[in-house]
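No lab work stands behind these numbers, since they all come straight from the coordinates. Just so you know, these numbers come straight off a predicted model, no measurement behind them. Because the Cβ atoms are built from the backbone with ideal geometry, glycine has one as well, and the counts that use them run over all protein chains shown.
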Amino acid sequence: MRLALLSVVLMATAVLGASDRRIGTLVVPMDKASEPMALKLEGFVNDTLKEFPAYQVKTTDEMFGVTPDDEAAAALKRAEAGHAEAKALFDARNGEEAAKKLRATAKEFAKAVAVMKACGNYCDTVAMLGATLLGRGDTEEAKFVILDLISLGNPELDRKRFSQEFLSLKAQVGASRNAQLRGALNVKSRPAGGRVFLNGEFQGFTPTTLQTLPNGKTMVRVDRPGFKQAGAVVDVGPEEQDLALDLTATANFKSYESQLDKLATEVIKDKGGATMAALAKQLSLDRAIIAVLRDNDGENELSLGYYELQSGRRLGFKRATFHGDEYGQLKGEVGRLVTQLLNNAESGGDDRVTRSTDPLDGKSGSEDWNAEDKGGRTNSKEKKKKKKGDPLEGVQGTEDW
């Protein structure tokens, strides 16, 4: 039974020596409540590992890949070809044929969002369609198309290709009440924890709510290592909307995922086994930081173990609890744990602590807030002189938060 989020930070030690160690992080969710934190935690660990020059960081994107959706890739190929044809018709001022081709091309681009990293020629297609409609006298429809162009990213337009009349209408629409309207979009994925991109810009991890979006069409893409990309064009309106995307795992990732229950058992029992040895061979790795994240009524319990995969020998261990990441403190906390874990392991064992020469290292600045006003600390001799009395005297109630 999957009881926890299992985060595996995999480290491969090359035969050339410590300076050639390759480090890769892999976060695998083991329960629904912990799932959304998986990829986020992996990123925090990766950022810390990059601070160690002795290691070469290898991400799960490199290990498992982010696989393009075949249908979306085919649609993008058709869309790019259609854009070239439509552009020729537009530049030749062939309004009737250009409008038909531009509409068809815009539909193909909408099907290709899962593999698009930026609006690019999709925005150019929408802009040409708006200009063509205006040239034909369809001003009202042109305004709606311009709203879509603005919500897709509002790119700068080439003044040599687009008429001053169209550029003026675009500026007018941009200042209108309709352009000022905002909406919200709830983005979910199965599994959760996928990276969310809005018009090519990273926004966070699923599930997430994208706030204050301009009304009109917007591109949403979700990806996750080991899964096929997914995406859609959403027509944002004043009312809050939902977008739910199913992510399809690749055969390679399914093969790895099938071993996770057994690996979890080996980690929980703190005993190496056949699964760790198999991973060492399958992924060409020698060591791993195996982390377990357990959701306990809203509190996240994180355990980090550093293992030698082939033997299953534990080289280090750290544990912490946290409540979400509302104030952005989690990255620093995870970084501190990983740094201590690696330093302790390299210096010879779980219990040895590598001390920094910085006197403030490890200090939060709040250790002695409840001490008497004597430079922040209470003299030990004076403490002994205090008489026993009320057990709550001098206690603030926050000492062990």
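General observations
- With each label modelled as a point 7 angstrom along the Cα→C-beta vector, the ASP31-ARG313 pair spans 3.3 nm.
- Prolate/oblate/rounded label for region 70-180 (Cα gyration tensor, a/c 1.5): oblate
- The phi torsions of region 31-41, fed into the Karplus equation with coefficients 6.51, -1.76 and 1.60 and a -60° offset, translate into couplings of 8, 5, 5, 8, 3, x, 8, 4, 5, 5, 5 Hz, rounded to whole numbers, with Gly and Pro shown as x.
- Take 332-345, 215-228 and order them by the average number of nearby Cβ atoms within 10 Å per residue, most first; the result is 215-228, 332-345.
- Here the Karplus relation 6.51 cos²θ - 1.76 cosθ + 1.60, evaluated at θ = phi - 60°, turns the backbone of region 212-217 into coupling constants of 6, 7, x, 5, x, 6 Hz, with x for every Gly and Pro.
- For LEU26, distant residues with modelled amide H under 5 Å away: VAL8, VAL9, LEU10
- C-alpha center-to-center spacing [region 205-264, region 31-81] in angstrom: 12
- Percentage of interatomic Cα-Cα distances in region 167-206 larger than 10 Å: 76
- Phi angles across region 102-113 convert, under the Karplus curve 6.51 cos²θ - 1.76 cosθ + 1.60 with θ = phi - 60°, into 3J(HN,Hα) values of 5, 4, 5, 5, 4, 5, 5, 4, 4, 6, 9, 4 Hz, Gly and Pro given as x.
- Protection proxy ranking for 277-290, 115-128, 196-209, 156-169, using the average of other Cβ atoms within 10 Å per residue and placing the highest first: 115-128, 277-290, 196-209, 156-169.
- Shape call, region 211-340: gyration tensor on alpha carbons, a/c limit 1.5: oblate
- Each peptide among 87-99, 303-315 gets the average number of other Cβ atoms lying within 10 Å of its residues, and from highest to lowest they stand as 303-315, 87-99.
- Part-to-part distance (alpha-carbon centres) for region 101-156 and region 288-339, which is given in Å: 46
- Near GLY316, the amide H atoms lying under 5 Å from its own belong to TYR306; only residues 5 or more places off or on other chains count, and H is placed 1.01 Å from N.
- For GLY204, residues with placed amide H under 5 Å, excluding near neighbours: VAL196
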